[in-house]
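Q: Below are the structure tokens for one structure; questions will follow.
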Amino acid sequence: MAAPSLALEVSLYFGKLWDVVFWVLTFILFCWKGNKLPYADEVFEYEFSFLFLWLLTEPTRLFLGSKGNKTLTTKPLLFSLTLAGFSLFLHVYYIVAQAFVLRADLVMNSISMAFLGAQFLLTVGQVMDYSNYQISAARFLPKMLSQRQRGW
């Protein structure tokens, strides 16, 4: 029988805590970069706006992952996996394509990608577990019902 994953739920919980720390530190870092580094105006605005775009998608991804894990449904988990791809894109952008990449950016985004990778793998495992459970239940449920009707 399928059950919620404690490892996934713990990973999502600590991921939420890290995301708050990550966002606040990245916001402070962007404020510092905007004042001290010679950014082109439009480049700084795009990179800063990506931080708020991440703020819209990341809590949604974590909520959907937790909901799908607790309710044993695959649809929220699959949406969570889709949003994980977008979050990964933003973290890679902040490491590789940002105008000024500081060591703090590398460390914070690497930690975030480690959380994201662990949550992704645990979510894929849960989706496979739930799918196998649903397939086996669909296969054996008609047999159980027919045996009940015959009086077994």
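Q: With +1 assigned to the C-beta of every Lys and Arg and -1 to the C-beta of every Asp and Glu, and no other charges, what is the dipole magnitude of the chain about the Cα centre in debye, to the nearest 20? All intermediate terms of the calculation are to be shown ahead of the outcome.
A: On the way: 12 positive and 9 negative charges, 215 e Å.
That gives the chain a dipole magnitude of about 1040 debye.
Q: Still on this model: Who wins for biggest fluctuation among Asn69, Asn35, Asn132 in a Gaussian network model of the chain, springs between alpha carbons below 10 Å?
A: Of Asn69, Asn35, Asn132, the Gaussian network model singles out Asn35 as fluctuating most.
Q: Segment 22-51 to segment 103-131: how many Å between their Cα centroids?
A: Comparing the Cα centres of segment 22-51 and segment 103-131, I get a distance of 25 Å.
Q: Of Gly68, Leu29, Ala99, which is farthest along the charge dipole of the chain in the positive direction, counting Lys and Arg as +1 and Asp and Glu as -1 at C-beta?
A: Result: Gly68.
Q: Using only Cα atoms and rounding to the nearest 10 degrees, what angle (0 to 90) does helix 41-71 make with the longest principal axis of the chain?
A: Taking the Cα atoms of the chain, the angle to 41-71 is about 20 degrees.
Q: Then there is this: Neighbour counts of other C-beta atoms within 10 Å: give me Phe120, Phe115 arranged from fewest to most.
A: Phe120, Phe115
Q: While we're on this one: What list do you get for Phe27, Phe50 if you sort them by fewest beta carbons within 10 Å?
A: Numbers: Phe27 14, Phe50 17.
Listing Phe27, Phe50 from fewest to most nearby Cβ atoms yields Phe27, Phe50.
Q: Oh, and also: Let me have the 222 nm mean residue ellipticity of the chain computed from DSSP H runs of 4+ only, each contributing -39500 (n - 2.57), with the sum over all residues rounded to the nearest 500.
A: On the way: 4 runs with 132 residues, N = 152.
Helices in the chain give a 222 nm mean residue ellipticity of -31500 deg cm²/dmol.
Q: For Lys16, give me every one of the aspartates and glutamates with a C-alpha distance below 16 angstrom, ignoring sequence neighbours fewer than eight places off in its own chain.
A: List returned: Glu58.
Q: Give me the extension gain from Met128 to Val21: residue separation times 0.36 nm, minus the current Cα-Cα distance, reported in nm with one decimal.
A: Working: separation 107, 0.36 × 107 = 38.52 nm, distance 3.15 nm.
The span from Met128 to Val21 would gain 35.4 nm if fully extended.
Q: Further, regarding this structure: Specify which labelled value, from [x] 16.7, 54; [y] 19.7, 63; [z] 20.9, 81, agrees with Rg and Dmax of the Cα atoms in Å derived from the coordinates of the model shown.
A: Given [x] 16.7, 54; [y] 19.7, 63; [z] 20.9, 81, the structure-derived one carries the label [z].
Every number here is computed from the coordinates shown, using simple stated rules; none is lab data. A quick note: this is a predicted structure, and the numbers were derived from the prediction, not measured. Glycine gets a Cβ as well: all are built from the backbone with ideal geometry, and neighbour counts include every protein chain shown.
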